[in-house]
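Below: the structure, in C-alpha cells.
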Amino acid sequence: MDAPSLPATPPEKASLAQRFLFLRALNAAIGRAPIWVMIWAVTCALALAVSYSQFGWYEQALDHRYEPGSMVYTLGALADAPDRVDPGFRTDHYADMNLLDGATGRLGAIASLLMILFGAFSAGGWLQIILERTEGHSLRRFFYGGSCYFWRFFRLMLLSLLVLSLWGWVFYDWPWERFVLEGWLGIEAFDHGNLETLDSEWGVWFVRAAQAGLMATAFGLTLTWADYSRTRIALHDTRSTLGAGLWTLFTMLRHPIQTLRPMLALLLVEGVVIVGASFLARGVERSLIADPSTLRWLALPAVGLVVLMWRVVTRGARYQAAVVVSRAVVRPLSRPDPWKQSVGGPGGPRYPIAGATDDYEVAL
C-alpha cells in the first residue's frame, strides 16, 4: 500500500510565505546565536588589531603633555564645534601622523584580506549548518563546512572579483565614455572628464548619479549571484564553480522575482538599522560638545559593534533565504540529494541513506 501523500500547500499560503521569507530567514539566523557571535567576535578582533596601533600612538603622544579632556574636539574634529579645535597638535605631529596613517593602512589591508578569506570560510559554515538540518555541536559543524567548501568558495570569490572588475570597466571606462558620454550626450573624446560642458548642473548631477546607481546595482546583483552560486555548490555538492555560476545566472534570469525579492527585503532591513544607527551616533557626537564624558565616548564604538553584529546576522539570513529559494527553483541532480536524508557524527561528514531498508547503528 502506498504511503498517504501530504496535503498540498494552498497557493495563497505559499505566496504569502515567499513574500515574508526574509522574516523567517532572519528568525532562523538569530536562532543560531553561537555562529553569528563567533563570526562577530572574529571580526571585532581583526578590527581591534588595526585600531590598537592608533590607540597606542595617541596614548603615548598625549601622556603627561596635555590637560585631560583638552584634546577632545581636536582629535574628534567635530564639525559642530570648529572654534574649539586646536590645529597645533596636528601641526606638531604632522610627520608622525603620516607615518601612522601609512602603517595603519597597510595593517588594514592585511586585515581586509583576512576578512575576505574568512568570509569564504564562514559561507561554507553557514551552508553546512543550514543544509544539514540537525541540532547540537553547531560550531564543530560550522568549522567542518568552512574547511570543506573553502577552496571552491575561494575560486568563486576570485570569479566574483573578476565580474566586479568587468562592471567597473563598463561603467567607468571606455564603454561608458564611448556610448554614453560621446554617443548620447555628445561630449567630445578629449573632454570626457569635464561634465561641466553640459547645459545644466542638474545634467551633471544626473549623469554622476546614474553612473553611481548603475554600478551599485551591478555590485549588488553580483553579490547576490555569488550567494546563490555558493548555495548551489553546497546544495548539489559540485566542484565546478564556473558551471555553478553559469547555471545560477540562468536560474536568476528565469526567476528574477523569486530570487531577488528576499535579498532586497533583507537589504532594506539592514539599511534601516544602519541609517538609524548613524543618526544615533551623530546624536552622541553632538552630546560630546556639552559633556565629553567617558560614557559618551564608549557609546560610539558600542553603536558600531551593534551594527556589525546585525550585519553578521543578516548575512546568515541571506544564506538561509538562498537555500529556501534554491530548493524551490533549482532542479535536483540525477543522483539523490545528499542533504535530504543523511547520517553521520556531529561535526563530521554526512552519508546519504540509499533507501528505507537501510539499517544504521550508532556505536558509542
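If I model a spin label as a point 7 Å beyond the Cα along the Cα-Cβ vector, how far apart are those points for Ala212 and Gln60 in nm?
Roughly 3.9 nm, to one decimal.
What list of ³J(HN,Hα) couplings, whole Hz, do you get for region 111-125 from phi and the Karplus terms 6.51, -1.76, 1.60, once you set θ to phi - 60° and write x for glycine and proline?
5, 5, 4, 5, 5, 5, 5, 5, x, 5, 5, 5, 4, x, x
Going highest first, how would you order 215-226, 118-129 by mean Cβ packing within 10 Å? Kindly include the intermediate steps, with their values, before the conclusion.
Numbers: 215-226: 16.2, 118-129: 23.1.
The most tightly packed comes first, giving 118-129, 215-226.
I want to check the label-to-label distance for Ala95 and Leu139. Put each point 7 Å from Cα in the C-beta direction and report it in nm to one decimal.
Going from the Ala95 label point to the Leu139 one covers 4.8 nm.
Please list 231-243, 23-35 highest first by mean number of surrounding beta-carbon atoms within 10 Å per residue. Intermediate results must be reported in sequence, preceding the final value.
Working: 231-243: 18.8, 23-35: 16.8.
So the peptides 231-243, 23-35, ranked by packing, come out 231-243, 23-35.
Expressed in nm to one decimal, what extension gain is obtained for the pair Glu201 and Trp169 from 0.36 nm per residue of sequence separation less their Cα-Cα distance?
Values: separation 32, 0.36 × 32 = 11.52 nm, distance 2.55 nm.
Computed gain between Glu201 and Trp169 is 9.0 nm.
For the residue pair Leu162 and Leu264, what label-to-label distance in nm results when each label sits 7 Å from Cα along the Cα-to-beta-carbon direction?
For the pair Leu162/Leu264, the computed spacing is 3.0 nm.
Read-outs throughout are calculated quantities, based only on the coordinates presented, and are distinct from any laboratory measurement. It should be emphasised that the depicted structure is a prediction, and the values quoted were computed from it without experimental measurement. Note: ideal-geometry Cβ built from the backbone for every residue, glycine included; neighbour counts use all protein chains shown.
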